[in-house]
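Student: Dropping the structure in here first, questions after.
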Amino acid sequence: MGNERFELYFDERIFAPDEHEIVRCVYTRPNQESRLYEFCRSHGIICYLPLKKVWRVATQRHGGKSYQYSKAVLRPMFPNYMFVKLNPEQRTPLYQSMAIVRILQDTTMTEEKLLDEIRIVRQIEGIAMNEEVEFNAKIKEGSKFLIESGPWQGIYGWLKKKRKRTLWTVEIECVNSLVQATIDPSLYKMSPVEN
């Protein structure tokens, strides 16, 4: 990843209906999210790179002594994935950026479902800036619920107990990943959902 700096930016036009453009998930080459993001922005391609806040420990030497400090930095929420809104003429320049492996075309997922997942990712991105949220590909367990209040409102997920903690797991199907956060279920209004 190097020293590149990401910025929180979201273009609402990704949700605007357009008969000539489609929203797709793009699988990038390793550590090329920033390069593709800048390429898209400079070529007028609507894109969205979900970010999360992580703490980095840095060491600095001054006057012969070492000092360590931690610093919050933004990193891609889902390594090697980002979302783009393309028209047919933009596909070739996107591949010419040399930053992508492929444009994912899941025939089982409609564009409407993908946009719903992007809305969920945006909501999780906001939560991840203030709370600790884990991102992994572990298998989901437990009962499925819909949270009806608080910052997780409107999101379906699974509750699971793990070492005296209650984990809330949300599946992001388009990038084949799960997001987990520790929550107190007594603080939220929840409705059970049939699997």
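Please treat every number below as a calculation from the coordinates, not as lab data. Note that this is a predicted model, so its numbers are computed, not measured. Heads up, the Cβs are rebuilt from the backbone with ideal geometry, glycines too, and the neighbour counts pull from every protein chain shown.
Student: Could you give the length gained on full extension between M109 and K189, defined as 0.36 nm per residue of separation minus the Cα-Cα distance, in nm?
Tutor: Result for the pair: 25.9 nm of gain on full extension.
Student: Still on this model: Give me the net charge of A181's neighbourhood, meaning all other residues with Cβ under 9 Å from the Cβ of A181; Lys, Arg count +1, Asp, Glu -1.
Tutor: For residues surrounding A181, the net value is -3.
Student: Here's something else I'd like to know. Calculated FRET efficiency, D18 and V101, Cβ-Cβ r, R0 22 Å, to nearest 0.05?
Tutor: The value I calculate is 0.30.
Student: Tell me the net charge near V133. Cut-off is 12 Å between Cβ atoms, V133 excluded, with +1 for each Lys or Arg and -1 for each Asp or Glu.
Tutor: -2
Student: With each pseudo-label sitting 7 Å past Cα toward Cβ, what's the Y27-K71 distance in nm, one decimal?
Tutor: If labels sit at Y27 and K71, their model points lie 3.4 nm apart.
Student: What number comes out for the charge environment of V54, summing +1 per Lys or Arg and -1 per Asp or Glu over other residues with Cβ under 12 Å away?
Tutor: Value of the local net charge: +3.
Student: Moving to a separate point now. Within the chain, count lysine pairs with alpha carbon atoms under 14 angstrom apart where the residues are 8 or more positions apart or belong to different chains.
Tutor: Within the chain, the lysine pair count is 10.
Student: Continuing with this model, one more query. Specify the longest stretch of the chain that does not include any exposed loop site, a site being one of the trypsin sites (Lys or Arg not before Pro) with a non-H, G, I, E, B DSSP assignment and at most 12 other Cβ atoms within 10 Å.
Tutor: Result, exposed sites excluded: 6-137.
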